[in-house]
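J.: Before we start, here is the structure in question, set down as structure tokens.
Bear in mind that the values in this text are calculations on the coordinates, not laboratory data. These numbers were taken from a predicted model, which means no experiment stands behind them. Neighbour counts are summed over all protein chains in view; Cβ atoms, including those assigned to glycine, are modelled from backbone coordinates with ideal geometry.
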Amino acid sequence: MTRLPLYQVDAFTNTVFAGNPAGVVPLERWLPDATMQAIAAENNLAETAFFVAQGDDWELRWFTPTVEVPLCGHATLASACVISEKLQPGRTRMRFMTKSGALEVTREGALLVMDFPARASESIAPPPGLVAAMGRTPRDVLKSGHMLMCVYDDAGDVASLAPDMAGLMTVECFGVIATAPGKGAPPGPACDFVSRFFAPRQGIPEDPVTGGAHCTLIPYWAKRLGKPKLFARQISARGGEITCEDKGARVLMSGNAVLYLEGTITV
């Protein structure tokens with residue numbers, strides 16, 4: 001039996017019980033994939049991150065309760081929080097080697113700033129079953145890699161969505177982003193745009209705050225609103241806030257992260 005450290009961090013928030021919780025498991029060497037998947041399923045969080053030091057960098061992987069994913073923002077933020085606060089206190093720059101390339105995170109005071117790849121999107125005809133599953137017709141549907149994005153006219157439309165998860169399971173995509181301009185958003189700080197994210201095929205009916213989705217959201221809204229710097233709110237039940245910047249081929253996402261739990265697991 002092996003004992004491993006386990007942290008749980010609430011990302012994209014400055015208070016516990018908000019934002020998006022992620023498990024973080026630092027490793028000295030990689031475990032079998034099946035073991036990491038079992039740990040993620042046991043944690044039953046949207047993602048559990050595992051990382052192994054490689055020189056001055058880290059190799060980083062992310063697992064939902066059911067699958068490994070190629071990119072995850074909030075669990076990257078959580079990993080950087082653990083490194084800079086617990087493993088190497090005072091560290092201000094971290095680089096992670098991932099299936100989506102090198103991802104850098106810089107600590108600027110209380111904020112963690114992530115440098116991620118931008119993802120372009122293009123308008124498409126709604127695929128079969130999407131509109132019915134979402135329960136409300138969007139003004140536009142776009143495709144970005146394996147993700148779909150439904151754009152609505154009003155933040156209230158996004159807030160009131162109650163998608164049919166069984167229906168979304170039949171739509172061929174990794175997940176569905178729902179977004180709208182920030183005007184009319186639920187109570188909270190004023191923002192440029194709002195979003196929600198649904199990925200039942202990945203074991204995540206609704207993700208509380210989704211960094212990976214903002215790789216698509218930031219270029220879209222920067223172009224539509226005509227400004228590179230944006231403030232976003234993901235209006236899930238827990239909610240989260242992201243300061244965003246469009247840098248062309250890259251996007252910057254800044255947020256807070258709060259350590260909620262520290263312990264050990266036995267595998």
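J.: Only one residue in Val176, Val82 is touching a residue at least 24 places away in the same chain (Cβ under 8 Å) and either within 16 Å of Gly212 (Cβ to Cβ) or part of a strand (DSSP E or B) (or both), so which one is that? Break it down stepwise before answering.
T.: Numbers: Val82 fails: either within 16 Å of Gly212 (Cβ to Cβ) or part of a strand (DSSP E or B) (or both).
Testing whether each residue is touching a residue at least 24 places away in the same chain (Cβ under 8 Å) and either within 16 Å of Gly212 (Cβ to Cβ) or part of a strand (DSSP E or B) (or both) leaves just Val176.
J.: Select from region 171-187 the residues that are among the small types (Gly, Ala, Ser) and within 11 Å of Gln234 (Cβ to Cβ) and write down the one among them that is farthest from the chain's Cα centre (by Cα).
T.: Residues of region 171-187 among the small types (Gly, Ala, Ser): 175, 178, 180, 182, 184-185.
From what is left, the residues that are within 11 Å of Gln234 (Cβ to Cβ) are 178, 185.
Working: Ala178: 14, Ala185: 20 Å.
Looking at the filtered set, the residue picked out is Ala185.
J.: Scan region 231-251 residue by residue and report those that are farther than 17 Å from Val158 by Cβ and of a type in the set (D, E, K, R).
T.: Glu245, Asp246, Lys247, Arg250
J.: Restricting to region 86-137, name every residue that is acidic (Asp, Glu) and farther than 30 Å from Val258 by Cβ. Outline the logic, then answer.
T.: To start, the set of residues in region 86-137 that are acidic (Asp, Glu) comprises 104, 108, 115, 122.
Result: Glu122, single match.
J.: I've got another one for you. Filter region 226-239 for residues that are surrounded by 15 or more Cβ atoms within 10 Å (Cβ to Cβ) and farther than 22 Å from Pro208 by Cα and give the result.
T.: Here is the first cut: in region 226-239, the ones surrounded by 15 or more Cβ atoms within 10 Å (Cβ to Cβ) are 228, 230-236, 238-239.
The one that is surrounded by 15 or more Cβ atoms within 10 Å (Cβ to Cβ) and farther than 22 Å from Pro208 by Cα: Pro228.
J.: Kindly list, by first and then second residue, each pair from a residue in region 85-114 that is assigned to a loop (DSSP other than H, G, I, E, B) to a residue that is β-branched (Val, Ile, Thr), limited to pairs with Cβ atoms under 8 Å and residues at least 6 apart or on different chains.
T.: Arg91/Ile83; Thr92/Thr106
J.: Related question: Which residues, counting only those in region 65-79, are surrounded by fewer than 24 Cβ atoms within 10 Å (Cβ to Cβ) and either in contact with a Cys (Cβ under 9 Å, 6 or more places away or on another chain) or in a loop (DSSP other than H, G, I, E, B) (or both)? Show your work before the answer.
T.: Of all residues in region 65-79, those surrounded by fewer than 24 Cβ atoms within 10 Å (Cβ to Cβ) come to 65-71.
Answer for region 65-79, where residues must be surrounded by fewer than 24 Cβ atoms within 10 Å (Cβ to Cβ) and either in contact with a Cys (Cβ under 9 Å, 6 or more places away or on another chain) or in a loop (DSSP other than H, G, I, E, B) (or both): Pro65, Thr66, Val67, Pro70, Leu71.
J.: Kindly indicate the residue of region 115-130 that is out of contact with any Asp or Glu (no Cβ under 8 Å at 6 or more places or on another chain) and part of a loop (DSSP other than H, G, I, E, B) and also surrounded by the fewest Cβ atoms within 10 Å (Cβ to Cβ) among those meeting that condition. Spell out the reasoning first.
T.: To start, the set of residues in region 115-130 that are out of contact with any Asp or Glu (no Cβ under 8 Å at 6 or more places or on another chain) comprises 116-117, 119-122, 124-126, 128-130.
From the residues that got through so far, the ones that are part of a loop (DSSP other than H, G, I, E, B) too are 119-121, 124-126, 128-129.
Numbers: Arg119: 21, Ala120: 14, Ser121: 21, Ile124: 13, Ala125: 8, Pro126: 16, Pro128: 11, Gly129: 15.
Ranking the candidates gives Ala125 first.
J.: If we scan region 166-174, do we find a residue that is touching a Phe, Trp or Tyr at 6+ places or on another chain (Cβ under 9 Å), surrounded by 21 or more Cβ atoms within 10 Å (Cβ to Cβ) and either at negative phi or not aliphatic (A, V, I, L, M) (or both)?
T.: Restricting attention to region 166-174, the residues satisfying the condition of being touching a Phe, Trp or Tyr at 6+ places or on another chain (Cβ under 9 Å) are 168.
Filter once more, so that each one left must be surrounded by 21 or more Cβ atoms within 10 Å (Cβ to Cβ): 168.
Add one more test, that the residue is either at negative phi or not aliphatic (A, V, I, L, M) (or both), and what stays is 168.
For region 166-174, residues touching a Phe, Trp or Tyr at 6+ places or on another chain (Cβ under 9 Å), surrounded by 21 or more Cβ atoms within 10 Å (Cβ to Cβ) and either at negative phi or not aliphatic (A, V, I, L, M) (or both): present.
J.: Inspect all residues belonging to region 191-202 and state whether any of them is more than 22 Å from Glu47 (Cα to Cα) and surrounded by fewer than 24 Cβ atoms within 10 Å (Cβ to Cβ).
T.: Checked against the condition, which is being more than 22 Å from Glu47 (Cα to Cα) and surrounded by fewer than 24 Cβ atoms within 10 Å (Cβ to Cβ), region 191-202 yields at least one hit.
J.: Considering Thr66, Thr48, which residue is without any contact (Cβ under 8 Å) to a residue 60 or more places away in the chain and polar (S, T, N, Q)?
T.: Working: Thr66 fails: without any contact (Cβ under 8 Å) to a residue 60 or more places away in the chain.
After applying the criteria, what remains is Thr48.
J.: Any idea which of (1) over 30 Å from Phe231 (Cβ atoms); (2) of a type outside the set (Lys, Arg); (3) part of a strand (DSSP E or B); (4) in contact (Cβ under 8 Å) with a residue 40 or more places away in the chain is the one Thr35 doesn't satisfy?
T.: For Thr35, the exception is condition (3).
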